[in-house]
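Each value in this text was obtained by applying a stated rule to the coordinates, not by laboratory testing. Note that this is a predicted model, so its numbers are computed, not measured. Note that we place each Cβ from the backbone using ideal geometry, even for glycine, and neighbour counts take in every protein chain shown.
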Amino acid sequence: MADQPKPLMPHATATWLVDNTALSFEQIAEFCGLHILEVQAMADDLAGAKYTGRDPVHAGELTNEEIEKGQSDSDYALKMHKAPVAVSRTKGPRYTPVSKRQDKPDGIAWILRNHPEVSDAQIGKLIGTTRNTIAAIRDRSHWNIQNINPKDPVTLGLCSQRELDATVAKAAKKAGIEDDTGARETRLGNDREALITELRAEREAAAKAAVEASQEAEAAAWLENKRAEEAAGEQ
């Protein structure tokens, strides 16, 4: 059961299960991937954040039959009926987690200062921003320009070192600038373990970003439907 997928919105799902079933806190915590004390706090209305319940049966993640099995046997571990489907983003700018979006201007400023040969289109694709934002930072008309400090976008977690190197190399080649191939080979090519670690980190970051995008999309859709239902009920 340790490898079983978790609900798309675990806290909201746990809240619904606490309010609408007789499942034990242990069963709810295990199914939602939460600590039992978190579930206890929800039940006692002591949780720091208040969550609107999300019905896992309606979402297709649980069945009523599965809930009944759990209610009749407190040792029964609930089984996911249908794992959440991640939202696929095939178009649009690069997705950046909400927690890192405030760092974008610093990363853009760093590239503009250290790699002027990189085009606005390349910066936009690398960091996931717009040409208007890049232009505003370049001509210092950005609304928050006084607080923007150039910082390496790799350090900020906005892109990987390989992505930055590839973008700079492509821009340098187009601009006719000699590429520092030796330095890149020394940093990456001669250190196989570092390369493997970096690739693994890239995959983990991509997977985390996909989950966050999926959660944001699901939460937005669910909240919109919830508001629509409440509005309909008031009429």
How many nm is it between the label spots at LEU37 and GLN4, if each spot is 7 Å from the Cα in line with the beta carbon?
2.4
For the pair ALA166/HIS115, report the inter-label distance in nm, with labels modelled 7 Å from Cα in the Cβ direction.
1.2
Could you go through the stretch 19-35 in sequence order and give the Karplus-derived ³J(HN,Hα) for each residue, using 6.51 cos²θ - 1.76 cosθ + 1.60 with θ = phi - 60°, rounded to whole Hz, and x for Gly and Pro?
7, 10, 9, 9, 5, 6, 4, 4, 5, 5, 4, 5, 5, 8, x, 10, 7
Listed peptides 63-76, 149-162 by packing density, highest first (mean Cβ within 10 Å)
149-162, 63-76
In nm, what is the difference between 0.36 nm times the number of residues separating ASP73 and ASN20 and their Cα-Cα distance?
17.4 nm
